[in-house]
1. Across peptide C:267-277, how many C-beta atoms of other chains are within 10 Å of each residue C-beta, on average?
2. When the helices in chain B are scored as -39500 (n - 2.57) per DSSP H run of 4 or longer and the sum is shared across all residues, what 222 nm value do you end up with, to the nearest 500 deg cm²/dmol?
3. In whole Å, what three semi-axes, largest first, describe the equivalent ellipsoid of the protein assembly as shown built from its Cα gyration tensor (square root of 5 times each eigenvalue)?
4. Considering only the other residues whose Cβ falls under 9 Å of the Cβ of C:S65, what net charge follows from Lys and Arg at +1 and Asp and Glu at -1?
5. Taking amide hydrogens as modeled 1.01 Å from N in the peptide plane, which residues meet the under 5 Å criterion relative to A:L28, leaving out close sequence neighbours?
6. For region C:449-604, calculate the relative contact order in percent as a whole number, restricting contacts to Cα pairs under 8 Å that are 6 or more residues apart.
7. Are there residues in region C:440-480 whose accessible area shrinks by at least 30 Å² when all protein chains are included rather than the chain by itself, and which are they (probe 1.4 Å, ligands and nucleic acids not counted)?
8. Under a cut-off of 17 Å between alpha-carbon atoms, report the lysines in cross-link reach of C:K258, not counting same-chain residues fewer than 8 places apart.
Amino acid sequence: MTTPLLEVSDLRVAFPGRGFRAKPVEVLHGVDLSIASGEAVGVVGESGSGKTTIGRAILGLVKPSGGRIAFAGQDITAAPAKARRALAREIQVVFQDPYTSLNPAMEIGDILTEPLVMHGATAKDARARVRTLLDQVGLPSDAVRRLPREFSGGQRQRVAIARALAPGPKLIVCDEPVSALDLSTQARVLDLFIDIQRRTGVAYMFISHDLAVVRHVSHRVSVLYRGDMVETGPADKVTSAPDHPYTQKLLLAAPVSDPVAQRARREERQRRAQAEAAGAPAGAA
Amino acid sequence: MTLYVLRRLAIGLVLAVLVTFITYLLLSPSFDDIVVSKLGPTGATPEAVAAVKTDLGLDRPIVVQYLDWLGGVLHGDFGISYFTSQPVGDAVASRLAVTLSIVLVALAISVVVSVTLGVLAAYRGGAVDRIVQSVSLIGHLVPSLLIAIAFVYIFAVKLGWLPATGYTPLSEDPVGWLKSITIPVIALVIGGIANLSAQIRGAMIDELHKDYVRTLRTRGIGTRSIVLKHVLRNAAGPALTVLSLEFLTMLGGALIIESVFALPGYGQFAFTSSLQGDIPVIMGITLFGTLLVVGVNLLTDLVNGWLNPKARVL
Amino acid sequence: MTEVGVLDAEVAPEPAPAPGPGRRSPWRRLLQDPQAIVTLVVLVAYVVLGLLADVIASHGPNEASLQAYNAPFGTDGHPLGADSSGRDILSRLLHSINTSLVSGLIGAGVALLVGVTFGLIGGYYGPRLRSGTEWVFALIQTFPGLLLLIVLMPITKGDYRFTMLIFGFLLAPGVYRITRNQVLGVKNELYVDAARVSGLTDRRILGRHILMAVRGPVIIAAAFMFGTAIAVQSGLAFLGVGNNQVPSFGAMISEGFKNLYSEPMQFVWPSLALGILTAALVLLGNSLRDALQGARRKPAKIAAPVVAPGAAVGSASPAGADDAGAVLVVEDLAIAYPTPSGELREVVDGVSLRLGPGETLGLVGESGSGKTQTAFATLGVLPPEAVVTRGSIRLEGREVLGLSERELRTLRGRSIAYVPQEPMSNLNPSFTVGAQLVEGVRASTDVSRAEARERVMALLTRVGIPDPERTFRSYPHQISGGMAQRVLIAGAVASRPKVLIADEPTTALDVTVQAEILDLLRDLQSELGMAVLLVTHNFGVVADICDRIAVMQEGRVVETGETTEIFTAPQHPYTRMLLGAILDEETVRTDGPAAVAVPLGTDA
């Protein structure tokens, strides 16, 4: 194969420490990740693992303190503002919270046309494009004249997806895009993501704390633990028969929706926890 | 903690120096006019003006003049009034005592009444809530100047219960003192309650909506403890900030009230001194006014730090 | 977010976009408020009168005539009379309007210009620039306000416009702080990030997304500052600060005050004019606040749930008759909230549940299904606006609905207890963990402080806190979310309740912590013989811990049954739909990476 669409190597991010003369806190300690065209790569981790930070670094919302991010072979680690704005056509985002990711004071139509016009489309073209986009994400075209608060969580997330698709990007960073949604909505929105990928060939970086969600959409999965990538591999392998002890722990902790299977999983988890407590506890970490 | 206090104190002093310096700078273009008016229209020959300026040290560079003043202040010497030859420190202190006695009494009353009303309104609602909202509206609608005059008219002129004007020092006659400050204090208290009670009500309501209130209830903890201990403590922070602003607002209001009631206070003093161009007095008044502001802000921050454990790590 | 907060937003069912409430723009809302219209009309009238001052009045404001000395109301040529210098009162009033309005414009204008500009800069750009602006405004705030305006008389030379310019700077810190806080709040909103990712320039983001959010509070502040500037100018003029050739309400009031006993009307006219003007500004500010920020918050009463008058509340059958073997019985419970139009809308509509001793019942449903409302009702902690319209809740055979807060208090902690969803927001940030737990123990049992402390220490150890002594002394922000949830569980089980209501107790936690908390709940339950009502949306949690399940949809229980039964043979279509939506372990993505890249929207 040719160069991957996105290549992240040895990425480090540090945030300034809290308080007077505090040392910076490094939240990513050298992370590698690559995403090919049309591929969906899941990134799994718990709170504090740094999974959101990787996404934000790729989007240019946080400045890396080390390492390299390359998009289509071109270094974008510290792209200047102008180059960054041009990248908006290539890399897009869908955030977790559909309630705060849309400006409450703007109509859906304005939310969707604003970036298009910004990138040089005429108002007429932009409007036509918005109609197509709304159709693609399964929203009625009269949504254009409505405000975000008139929609349910799932519908807002569809608007957010339409906004991400608007410039025809090659990569969408999806940061927990379904975790704020209800169960039934969650499944439908995930199917929409898959459907869009099949039709457009866009690549996804799919960030989630939920193994089941990641398993559903990803081709490959990476597992993050406290700023380190501990395991990367094909989705079914990593999410059902992982190698790394942390991934195994994560898998056993996630309850299965089947009382019998869950009892077995729980007992297995408790057995391991006891074994770990009895043996050397420090080694694995 | 001590380090934090020292740091804040240092910042406060730097601000006070900056404020007085800027004031001095702003005043400096009018020094000539001041000297002219001091000499009177006939005596203000260019030679006389120059002589007086040299005499007062006003012919030196501004920074030197200011540093000279500041050096005096650091030794406790605030200068001498151009017109009365009274030491500025004494004059300012005696005037400040009058103003502060009114403002502090008014503030204390406002706080007690506002906390009671605000707390009751926030968790009981009903009649108390309507009273708080109406008082606060009326207090905002009518300028305090008009309220003060109305009170003078009713209590002093019509009913003759209290003296309309003048001030009796506390040391001379406590009852007379109380009588002389009653109407000015009431005039200030109305505005104070209007502001504070609404703010305390708002802060309490915000806090009462928080999740922990429900959780405390489910543990069987009594309403009194929830409201007066848990919620009030958390609402006190935002309310305190408003309180410190209210103190400064009252100081401003007192300047006008003093004029209505002919009280020999700070505002009156500032007014006459600036009319005369009495530079040492103006600087003394500015310095003490600034130190008051700095002190109030520092105190507010310290109490806030004590109230809020998260802020304490500093 | 609790379910209560989501009520309005999430009631709309997924498929059809519902025309939401409050579609009207704030400006239209403002124009429907009679108070706003009246005040606006008053203000426009003032402006017009001020502009036409020279046309309406036949005399100049400083034109003194000896014949007119103290002329009374209705004198020919002096409709409102004249003052002790023989100047026409009407003319002075009209010209004073101009002085006031110019004062307001300068004062509020300077404050807005300075405050908003620096607020946007200080809020949006990095902390380094912000600390600079903070210093400048801290300095401005240190100036002793009104005193400064008096002290600077030698340089303002009595020009009120210059004085108001300085006053504008003194007002600016307030605007700065409002703007900066709004910007700081908004700038980390995801929609601003999204705008940045969309390739918008900083200028456009500031101008379009951020200014929009800042606009409301700043407009409100502007109305109040306009009033303040006018009041201060009048106050200064009353004191005599300023040129006495400039007609102003303050100066007129001052002159009237000197003549108060002989010619009271000379005092009344300017007072009325000033009073009405400032009152109109304050009332307009209030109307603006209502229109732009929504109605002011109502008091948050702490009281037992309101039972609708005449509602059929209480057991339909003789108390306890069919409660045998149940610690908690909910029967035909309905809870309603008032809609903006004043009608009641039911969010819980006839819910019935039975909870046996030592049993765990999962109350499952999506957001807006009413599951949390049902849980709050059993604890008697519904929000004050909620109304129970019918039904019965019996705790150990005793009717709970209709009890007062005081009576409920005797049940809480001992008979029924609660574990919330968000561990952090459910602890009071200002008190140590230990103090909060001790107070709970002492409220529900008769033990001394020392005994309570001992019991709390034992509990903290029991719930798996590694260093109980230290946690006891910690403030909530010093412990992790998982630890905080253990603390809350300790608080709930402290007095050995018969029933534990757990509302999404693991939703806010990481999966690994969730597993530990579920283990803890299971162990405590068998140890204490508690019955648990577990509110959740997560079927994995249900499968892990629940004996029975009740499935809720739009305020109703659609299906109840043994956990294994419902997972293997769900009866109701909604349950089947929910179970079908679960992303199970078998669903793995099978298709490879998409090959072709056709950009969307090109109509290929």
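The values are calculated or read from the model by the stated rules, or taken from the named source; none is laboratory data. Bear in mind the structure is a predicted one, so any value in this text is a computation, not a measurement. Please note: Cβ atoms are built from the backbone with ideal geometry, for glycine as well, and neighbour counts cover all protein chains shown. To get the accessible areas, we keep the full protein, side chains included, count just its heavy atoms, and leave off ligands, DNA and RNA. Shrake-Rupley method; radii C 1.70, N 1.55, O 1.52, S 1.80 Å.
1. Counting Cβ atoms of other protein chains within 10 Å of each residue's Cβ and averaging gives 2.
2. Estimated from H runs of four or more residues: -26000 deg cm²/dmol.
3. So the three semi-axes of the protein assembly as shown are 62, 36, 31 Å.
4. On the way: positive: C:R87; negative: C:E63, C:D88.
Once all neighbours under 9 Å are counted, the net charge is -1.
5. A:V13
6. 13
7. Residues passing the criterion (a loss of at least 30 Å², heavy atoms only) are C:G440, C:A443, C:Y475, C:H477.
8. Hits, sequence-local ones excluded: B:K158.
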